[in-house]
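A.B. asks: So that we are looking at the same thing, I have put the structure below in structure tokens.
Nothing in this text is a laboratory measurement; each read-out follows from the coordinates by a stated rule. Here the structure is a predicted model, which means the values were calculated and not measured. Counting neighbours? That spans all protein chains shown, and the Cβs are built from the backbone with ideal geometry, glycine included.
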Amino acid sequence: MKKIVLGTAALATLLAAIFAPEDEGSIVGAATANTRQVERAPAPVLLAAAAAPAVNPALAIHPRRNLDDDEDAATLFARQSWQTGTTQQIMPGQQAAQAAAPAAADPDAPPPLPFQFLGRFVDEGKAAYFLQAGERNVVARPGDLLEERYRFDGVVQGALQFTYLPLNQKQTLAVGDLN
């Protein structure tokens, strides 16, 4: 295939050389400089006060400051945000934690769930759920005892349901779509 392409290219070059027009005037001569006189208007005479443009103080050039003497140097690498301090974005996981915080103040209420949902695995029709408790990863199946205080009951309406054993109260962990 390469030989055919190379042969075709060589043939095309040969035909172009044979049938190229023989125009003797095709050589371009050396460029010549054309000088002409341009008339210039005389420069206007400006007064000294009018010659100095108005300088915006924000754009003026200032001498370099020593960062050791600057109060802003202490906050040079401080966390900065475009949002005001009063506006806070609440993430879905934070909503559950904030909703559980007032319930934790009640002595008869169970503490907030220490688990975070990581994923689900189905093997031979039996589902196993991957949870994170603190810095440990836990595999939970319905009926399992977790952290010696929680029993994993299963999935109820798209949420994982646990029973807090010391108070025998049910708690749910919303996980979204489990498909």
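A.B. asks: Within 15 Å, Cβ to Cβ, of Tyr150, how many net charges do the neighbouring residues add up to if Lys/Arg are +1 and Asp/Glu are -1?
C.D. replies: Here the count lands on +1.
A.B. asks: Between Leu165 and Ala10, what is the label-point separation in nm under the 7 Å Cα-to-beta-carbon projection?
C.D. replies: 8.8 nm
A.B. asks: In what sequence, highest mean first, do 123-135, 1-13, 151-163 appear when ranked by Cβ atoms within 10 angstrom? If you can, show how the numbers build up before the last one.
C.D. replies: Numbers: 123-135: 12.0, 1-13: 8.8, 151-163: 16.0.
Ranked by mean Cβ neighbours within 10 Å, highest first: 151-163, 123-135, 1-13.
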